[in-house]
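Written below as structure tokens is the structure these notes are about.
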Amino acid sequence: MSGSVVDNTVSSGNSSAAIPTDISGQILDLDEDDDLEVFSKDTTLTDGSSFNASMQTSPASMINQYKFEEDADTKDIFVTVDNPESHVTAIETYITYRVMTKTTRSEFDSSEFEVRRRYQDFLWLKGRLEEAHPTLIVHPLPEKFVVKGMVERFNEDFIETRRRALHRFLNKIAEHPIFSSSEDFKIFLTAASGELTSHKKQGPGFLSRMGDTVKAVAAAVRGVRNRPQEFTEMQEYVEAFSQKISSLDKVTQRIVREQKEYLEELKECGPTYALWSQSEEELAEPLKNVAGCVDRCCKETEEQVKNLSDQLIPVLHEYVLCADTLKAVLRRRDNIQADFEAKTEALATKKADRDTMRDDLDKAEDRLEWANNALKSDWTRWQKVMRTDLRSAFVDTAERNVSYYEKCLAVWESFLHSQRTDAEGNGKVDFS
Amino acid sequence: CSKSNFLLKKMEISVAEAEKRTGKNAVNMQETYTVYLIETRPVDAASEGTNPVPDSLWRRYSEFEQLRNYLLVTYPFLVVPPLPEKRAEFVWHKLSADNMDPDFVERRRVGLENFLLRVASHPDLSTDKIFYSFLTEENGWKETVFETGFQAKADSRLKALNATFRVKNPDKRFAEMKHYGDELQSVISQLLRVRARAADRLYGVYKVHGNYGRVFSEWSAIEKEMGDGLQSAGHHMDAYAASVDDILEEEEHYADQLKEYLFYADALRAVCRKHELTQYELEMAAQDLTSKKQQREELATGTIRTFSLKGMTSKLFGQETPEQREAKLKMLETQIEEGEELVKERNGECEEFVKSAWVDIERFKEQKDHDLREALISYAIMQISMCKKGIQVWNNAKECFSKM
């Protein structure tokens, strides 16, 4: 990924060797996303058959669907993901999460639902949404595995991090004006496990997907000729954004590492002061006191590190994945345009089957217009959401840092206070 | 002279500056070294408001060392204040271990001034003439101190070590003090090591935040509404990263205070070792006297209680003549007389030493407790200052972030 990262550029201009180049260890396993990319739930298979049943097929009305007005006050669906449980079968071990839904929407049979879902089910949902809306932006899922530093897929921290990410994922879907009315989404939230399994088996068969993939690859290879300026600008933005957010992710991870190493050293300070106090008489009390203070600061530092890991890093990480999603969306849009351009050319050059071809061309033109409008609207919405998410993540981090320093401040002030009271009693120390 | 008549009450002393010099050394090779400017001024003059120019002279670190060695030998019953370290130790990586480094030189200047002030405020050391001329006589001081012949008076290490192993009845208090000195040295060394490593790490944490500054700045360039908030937040991250330099510099001062007592521990142990030596010499003299007395008794009564080669050979080859015995007895008598004088003398020395040394040790204890408590307090104040800076920076950053 980005090479412009972390390292030696210490702002004081000091060529300290403290921060070596170390991008190497940061590679994350992303083949899940790649798979989704190639077996395209994208481009030309959108001939209407896999559209959401509640949507009308005329282009004009399709365009009207994309009025992304969001009334935050009228939130009528609440989704939570919690309660991970482990399941062991003869073949595999896996985790399920409880997904609870509370809603007042009429299309739901009831107002409360509780189901159990596993990661695969979330992947399925994401795939379906992307399939149905190739140029809308689906919030990313946490990755299948994290390669670096993760030995056990089912360790507590990993499960908790994943749970939070899945929770955010579903909430982003629920907040999306189009996705939240998806039939697949509804089934995901409400169907019993058996129902879900059979519903999953529907949809375009393997062979037809293969055929579509071939078309998709062909379109991708052909490339787009006259990409509108605004989409080129979008692409440039996404490239730059991707780099920046990756850098931030890496910087933050680096900070966590350095903090942990600092903590390791600091943990030895308290005990050393305590050891010293054992040899002293008058000094024993202040030394023990200092030992206690250092230990308390250690605890605060530990918590601060945990917060950084649990709160900021997952959000940054999600936006790294978002950047990849955006790139994919832009590619899919390009492919739709390439397909349209190809069909235009074909109509101009070939003589036979002109009627069918004109028909195809019209459909392709509609698809393109629709894809472009969908993307433009969702892009605006995405930017707002991104802004809100990252702003609150950074504000949150800053608040926690303030709180950390405030707690440490209190620790040391209490030490000073105890020494003052002592000193004033003994008439010894001068605090000028 | 009165114990409260410290030199420091009459004279202001400071080590005002440091300068690099080059010159030829003892083996005629070019060397670069640092000299320190010692300034002295009578206290009264300053208070009169006339503020005359201080007297001053330049001294090298090695001359300070000479002065201290002289004091050590001349006042072995006193806990002599230590010099700042010869070479930079317990450094965390950013600090230079180079003696020529300006930061090191500056800290050494402060340490040397502290040394002079400590000596000048000591009830006994401050009255020493050599010390006075160190402060006031630029030329000829070296010769003066050499003429005291102090080098010859120094105890050999071997002699001291021998005494430590063989002494039978050292004063318990001194044995405890020595043990305390060992512990103090060990624990302060450990603390300095741990602190240096933690400082290293803390430096890393702060500096990495500088990268936030850079990335925020770059990111702000591609955003519209978010740009300003990001850009200004970035500046605060840079400020945060830069703030660690001052923080760690202050902490270095704390480390220096600890180091002084690390070296003081050594001075304390030196007094205890000297006690062991004087005690040992007393014991040796007493033992010698006892053995001589026993020999006299045996010779007088004719009984041999102790085994001696001479006794055996005389048994084998015949007794000595009465004249020989008479002569021997006479010699022994003289030796016993001398021995008794020696024991009396050494006993006196020992008692004198114990008395004076213990007074100074008590003084040192009080000073140590006071100084180290102050040091801990100043450490707490430093931590508070660091926390306050952190609160300020992150509050500022939070404001900028909320404008994103």
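Considering the stretch B:354-404 alone, what residues qualify as being at the interface with chain A (Cβ under 7 Å from one of its Cβ atoms) and within 30 Å of residue B:279 (Cα to Cα)? B:369, the sole residue that qualifies. Residues in the stretch B:243-253 include none that are more than 14 Å from chain A (Cβ to nearest Cβ) and of a type in the set (Val, Ile, Thr). Taking the stretch A:369-397 as the range and being closer than 21 Å to residue A:238 by Cα and among the aliphatic types (A, V, I, L, M) as the test, the residues that pass are A:371, A:374, A:375, A:385, A:386, A:390, A:393. As a summary of the residue check, residue B:102 satisfies the conditions (1) over 21 Å from the mean Cα position of the chain (by Cα); (2) farther than 30 Å from residue B:32 by Cβ except for the one numbered (2). Among residues of the stretch B:363-381 that are within 26 Å of residue B:177 (Cβ to Cβ), those with a Cβ under 7 angstrom from a residue that is at pLDDT 95 or above and among the β-branched types (Val, Ile, Thr), sequence gap 6+ or separate chain, pair up as B:364/B:79; B:376/A:290. Scanning the stretch A:245-291 for residues that are of a type in the set (Lys, Arg) and facing another protein chain (nearest Cβ under 8 Å) yields one hit, A:254. Checked against (1) at pLDDT 95 or above; (2) more than 7 Å from chain A (Cβ to nearest Cβ), residue B:238 passes all but condition (2). Select from the stretch A:98-115 the residues that are touching a Lys or Arg at 6+ places or on another chain (Cβ under 6 Å) and touching a residue at least 24 places away in the same chain (Cβ under 8 Å) and list them in ascending order. The one that is touching a Lys or Arg at 6+ places or on another chain (Cβ under 6 Å) and touching a residue at least 24 places away in the same chain (Cβ under 8 Å): A:99. Restricted to the stretch B:222-235, and to residues there that are within 8 Å of chain A (Cβ to nearest Cβ) and out of contact with any Cys (no Cβ under 6 Å at 6 or more places or on another chain), the residue that is farthest from residue B:103 (Cα to Cα) is B:225.
Every residue, every condition in (1) at pLDDT 90 or above; (2) closer than 30 Å to residue B:152 by Cβ; (3) touching a Leu at 6+ places or on another chain (Cβ under 7 Å), yes or no:
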site: B:8; (1), (2), (3): no, no, yes
site: B:21; (1), (2), (3): no, no, no
site: B:28; (1), (2), (3): no, yes, no
site: B:35; (1), (2), (3): yes, yes, no
site: B:42; (1), (2), (3): no, no, no
site: B:61; (1), (2), (3): yes, yes, no
site: B:66; (1), (2), (3): yes, yes, no
site: B:70; (1), (2), (3): yes, yes, no
site: B:74; (1), (2), (3): yes, yes, no
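Filtered by the rule that a residue be farther than 21 Å from residue B:189 by Cα, out of contact with any Cys (no Cβ under 8 Å at 6 or more places or on another chain) and of a type in the set (A, V, I, L, M, F, W, C), the stretch B:259-289 gives B:277, B:284, B:285, B:286, B:289. Here the stretch B:208-225 is the region considered, the condition is being surrounded by fewer than 20 Cβ atoms within 10 Å (Cβ to Cβ) and touching a Lys or Arg at 6+ places or on another chain (Cβ under 8 Å), and the residue that is modelled with the lowest pLDDT is B:225.
The set of residues in the stretch A:215-244 that are within 7 Å of chain B (Cβ to nearest Cβ) and out of contact with any Ser or Thr (no Cβ under 9 Å at 6 or more places or on another chain) comprises A:237, A:240, A:241.
The residue list A:358, A:333 contains one member that is away from chain B (no Cβ under 12 Å) and closer than 16 Å to residue A:227 by Cα, which is A:333. Taken over the stretch A:97-156, the residue count meeting the criterion of being of a type in the set (Lys, Arg) and either at pLDDT below 90 or assigned to a loop (DSSP other than H, G, I, E, B) (or both) is 4. The set of residues in the stretch B:180-193 being of a type outside the set (Phe, Trp, Tyr) and farther than 11 Å from residue B:255 by Cβ consists of B:181, B:182, B:183, B:184, B:185, B:186, B:187, B:189, B:190.
Do the conditions hold for residue B:344, that is, is it under 30 Å from residue A:418 (Cβ atoms), of a type in the set (D, E, K, R) and in a helix (DSSP H, G or I)? No, not satisfied. Of the residues examined, residue A:207 is not one that is touching a Leu at 6+ places or on another chain (Cβ under 9 Å) and either part of a helix (DSSP H, G or I) or at pLDDT 95 or above (or both).
The values are calculated or read from the model by the stated rules, or taken from the named source; none is laboratory data. Note that the structure is predicted; figures quoted are calculated from it, not measured. Methodologically, a virtual Cβ is constructed for each residue, glycine included, from the backbone with ideal geometry; neighbour enumeration extends over all protein chains shown.
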